[in-house]
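Have a look at the structure below before the remarks.
Rule-based calculations on the coordinates, nothing more; no lab input. Bear in mind the structure is a predicted one, so any value in this text is a computation, not a measurement. Please note: Cβ atoms are built from the backbone with ideal geometry, for glycine as well, and neighbour counts cover all protein chains shown.
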Amino acid sequence: MRKLIMLTLLFTAAFCLSQAFAETLTVAVDNITVYRDHDQHSAPAFQLYRGMEIISDSRVKEADVTWVRFDVHGNSFWAVEKDGSAEAQLSSYKARSYSCEDGDKKIAVDKKLRTLTILERDESGWKPLKQYPIGLGKDTAVRASTRKITRPHAYLTLKGNGKFSLLETTGSAMTTTGEAVIALDRDAKTLTLYHRGKTEEKDPQIFPYGQTITVGDYVVKFASDKFHIIFNKYMYPKTKKFDRLTPEGVYHVVRVNPVSRFGVNPQTHRALPSLQLSYPNAFDAWDALRYGVISIREYNRIISAALNMKMPPQDTKMGSLIMIHGGGSDDWTAGCIALEDEDMCALLDEVGLHTCVEIR
């Protein structure tokens, strides 16, 4: 009973405690003001928003106010954990920020699967409308295909670290071993995934032709007469300029560039438009501030842009100009999301300015 009461209190506070000792605290209201000292009459340093986390190393209680202390890149800051009036700290941040619940269409990008999906809202929720293959940054993955398969049965063995082997047979008995094996049955038009652990073999999974199979960092698809394989190497979210990585989080289309350097309309032979995303967002900025990539002033500029649905600063060390553009779906970009030119034309017919984009 005591544990249940404590959990209830935690969720009503401005922060939610998720770990003891070196306490990880999560903002549970719309925004929290951060000060350089435990004094609410001093000038605020910056704001934290719902879902952002800090690691607190101490507490100070003053009357009905509990302060928590935390570090940001070697500097100490303070925020009120609970003062009995958490409702007073609510702002209109949620109402003014862009949500993927707004609008009739949104874009979902799956970095691992290399897919961009347009979703459309109807009475029952979000439904996939169209899906396209995409390319990301150079060196984020290794792509390969097996030789052409001519026999009734084939076994693709995934050996780890991007390595694999292919065995073809006329019978249906599996004679190969590995961390995971995908068995192809051309007559039944099925793929069977056998997971191999160190001590036991898991139940096999059966997939129809054309379905993408993920096994760890491998993404495998059988098309026509061969296996196509992606081995994901560097799939981290973007954190700084020149890292050639694609960000992860919720963004929106903040600008439509009418003439992109990448992609040509197959019908008109003119340069295609591209879609610029609102990178960096507030959570990108908070991570960058914590690790010393940007200053408090730059953090506040990014937050102001996010609150007002404007272009975030493009002149920080976090990088800039994250676009969705044409030019081909191989991994060749500097962190942007690239589509085949025909697919980019189709995307532009469906979405535009302010469309929400979820990248994961």
Worksheet item: Among 31-43, 149-161, how do they line up from the highest to the lowest mean number of other beta-carbon atoms within 10 Å?
Response: 149-161, 31-43
Worksheet entry | Out-of-range pairs (alpha-carbon distance over 19 Å; input Lys138/Lys240; Lys130/Lys189; Lys127/Lys233) | Lys130/Lys189; Lys127/Lys233
Worksheet item: If we sort 262-269, 326-333 on the protection proxy, mean other Cβ atoms within 10 Å, highest first, what's the order?
Response: 326-333, 262-269
Worksheet item: By per-residue mean of other Cβ atoms within 10 Å, what is the highest-first order of 336-347, 299-310?
Response: 336-347, 299-310
